[in-house]
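The values are calculated or read from the model by the stated rules, or taken from the named source; none is laboratory data. These figures come from a predicted structure and were not determined experimentally. Note: ideal-geometry Cβ built from the backbone for every residue, glycine included; neighbour counts use all protein chains shown. Ligands, DNA and RNA are stripped out before the accessible areas are found, and what is left, the full protein with its side chains, is counted by its heavy atoms. Shrake-Rupley method; radii C 1.70, N 1.55, O 1.52, S 1.80 Å.
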Amino acid sequence: MYEMKLRVTMLGDFVPVWRRRPLDLENAGAKVLMVWQALLYAGEQGVPRDDLQQRLYGRVDDETANSLRALVFRLRRFLTSRGLDGNRNVRVRGGVYMWAGPRPLVDAHRFLQAAEKIPDEKSPRRVDAASRAAALYTGRLLPDSTDPVIRAEAGRLEELFLQCVRILEPAFRQEKRLEELLELTSRAAELLPNQEEWTLARLDCLIDLGRCEEAMQIYQDAVSRLASEQGVAPSNAMIRRFKELSSKLRFAPSDLTAVQADLWEQSISTSYFCSYPGFVDCYRLATRGLAREKSTGFLMLCTLTDVAGAPLEKSPRQEASSQALKASIGRSLRGSDVYTCYSPNQYLILLMGLQQQDCERVSRRIRESFLEESASWGCRLKFETAQATIPMTIPRCQP
C-alpha cells in the first residue's frame, strides 16, 4: 500500500508539503509553528516536555507547562484544519512529545546524513560524497527561528556545509574543474554573504576563467553590501583583487564619444559617494592635482558616537544612525565633493577648493541635517579635519 509522506523544507525556509501541495501556514502562530518544527526535526526520539518549555519560554514551571499544553492543542487544531489528523499526529508518551503522523521527509535530515557519511581523506570516494552532500544544502536551517536548539543546529549544519566546500575547492582547482568550482564558490558566497572567504574564492575563479567584467561587478556588489549593511571598508585581500581586476580588465575598441558616454554619470544631484578603494583613488589623484595647482583641499573624518563620546556598538540603532548620517552628508556637500564609509561609525569626506573656515561650515551643515533625522537621537558627531596632502614630491613635467 502506498504510504503518503509529508515533505518538509527546513533549509532556507519552512515549507511543509502534504499531498503535493504546500500547507498554508498563515495564522498558525509563531510558537505553534515552533513546536511543530521542533517535533519534525527531532524525529522519532521526540522532545521532552521540560526541554520544550525551556526552549519556548526560557524556564520550566507550572505556568509554562500550561502554556505548552495550550500550544499543543492549537497545533493539533491547526493541523486538522490543513488535512492532517492533529490528534493522532502529535502524541505525548512518558512526558515526551513526538510527531506520530505521516513519515516526514526533511531536507535537513537528508543533508545531515549525507554530510556525516563523507569518508576520510584516504578514500577515493571522498570528493564525490562531499559533492553530493553540498548539493543538498540550500540555506540556513529555519533562518527565522528563535529556538535556541534550532539555532545551534543551524550553526552545526552550516559548518558541515563548509567542510564539504573546503574538501571540494582544492580538489576542483587541482583538477582544473573551474566551472564546477565557480558554481560551488558562487553558492557558498550567496549562502554565506558575510564570510569574505567565499567571495574571494569566487572572484579568483572568475579571474582564472577570464571573466573579469563579471568579477568586477561581483566585487562592486560585495563592497556596496559591506558599506550599506555592515558599514565597513573592504579588506586588503578584497583590494588586491580589485587591483588585479583593474589591470586585467580590457574593453573592446571604441571611439571617444562612446567611451565618454560610458564614463558619464546618469545624473548629478548630490555629492559623490563611492567605495573605499574608489575613494583612495580619488584622494590620490586629487592631492596630485592640488600639489600642481597650489590649491587647497581637506580630508574630513566624521565619527558617530553616543552622548559620552564612545563609538556606537553594532546594533539596529547603530545601523539606522549610520544610514541617517550618510544621507545627511550627501545633502550637505557639493556635487564635486567625495565621501565614503570608512567604518561602521565613520565617514571620510574629501573637500576640494576650500579654506579651513569653510570646513567648519560644512561640518555645521552636516550636524544640523543629521539632527533633523529621528535616528540621530542619543548620538553625537565628532569631526576631525586635515589638509589633503601627499608625502612626496610630484615629478614636474612640461604642461
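Details
- Take the chain with all the other protein chains still there, run a 1.4 Å probe, and you get 58 Å² of accessible area per residue.
- Remark: the chain carries a charge dipole of roughly 580 debye about the Cα centre, counting +1 on each Lys and Arg Cβ and -1 on each Asp and Glu Cβ.
- Where (1) 41; (2) 24; (3) 19 are the candidate values, the label of the one calculated here for percent of Cα pairs over 40 Å apart is (1).
- Expressed as a whole percent, the accessible surface of region 135-194 that belongs to carbon and sulfur atoms is 50, based on a 1.4 Å probe.
- Among LEU181, LEU191, LEU249: highest mean-square fluctuation, GNM of the chain, C-alpha pairs under 10 Å: LEU249
- Projecting label points 7 angstrom from Cα along Cα→Cβ for SER81 and ARG240 puts them 5.8 nm apart.
- Stretchable slack from ASP221 to ARG69, in nm (0.36 nm times residue separation minus alpha-carbon distance): 49.9 nm
- Cβ-Cβ FRET estimate between THR138 and ARG365, R0 fixed at 56 Å, reported to 0.05: 0.70
- Rolling a 1.4 angstrom probe over region 313-378 with all protein chains present gives an accessible area of which 51% lies on carbon and sulfur atoms.
- Here the accessible area is traced with a 1.4 Å probe on the protein chains. For region 89-131, carbon and sulfur cover 45 percent of it.
- Percent RCO, i.e. relative contact order, over the chain, from Cα pairs under 8 Å lying at least 6 residues apart: 12 percent
- Taking each of LYS117/LYS243; LYS243/LYS326; LYS122/LYS248 in turn, the alpha-carbon distance tops 31 angstrom for LYS117/LYS243; LYS122/LYS248.
- When peptides 10-21, 112-123 are ranked by their average number of other Cβ atoms within 10 Å per residue, the highest-first order is 10-21, 112-123.
- Between PRO170, VAL90, GLY155, the Cα set farthest toward the positive side of the dipole of region 31-185 (charges on each charged residue's Cβ, about the Cα centre) is that of VAL90.
- Difference of contour (0.36 nm per residue) and Cα-Cα distance, ASP281 to ASP62: 72.3 nm
- Largest mean-square fluctuation among LEU23, LEU206, LEU136, in a Gaussian network model of the chain whose springs join Cα atoms under 10 Å apart, belongs to LEU23.
- Within a Gaussian network of the chain (alpha carbon springs, distance under 10 Å), most fluctuating of LEU168, LEU301, LEU226: LEU301
- If both residues of a DSSP beta bridge must be in the chain, then about 85% of such bridges are antiparallel.
- Magnitude of the charge dipole, region 11-160, Cβ model with Lys/Arg +1 and Asp/Glu -1, debye to 20: 640 debye
- Angle in degrees between helix 196-208 and the longest Cα principal axis of the chain, rounded to the nearest 10: 70 degrees
- Expected 222 nm ellipticity per residue - DSSP helices of 4 or more, -39500 (n - 2.57), all of the chain, to 500: -16500 deg cm²/dmol
- Compared with the dominant Cα axis of the chain, that is its longest principal axis, helix 356-371 is turned about 30°.
- Förster-model FRET efficiency, 35 Å R0, GLN54 and GLU183, C-beta, rounded to 0.05: 0.25
- Modelled label positions at VAL15 and GLN195, each set 7 Å beyond Cα in the direction of Cβ, lie 2.4 nm from each other.
- Stretch gain in nm, segment ARG88-LEU301, where the contour uses 0.36 nm per residue and the Cα spacing is subtracted: 70.2 nm
- Sorting the segments 357-363, 48-54 by their mean number of nearby beta carbons within 10 angstrom, highest to lowest, gives 48-54, 357-363.
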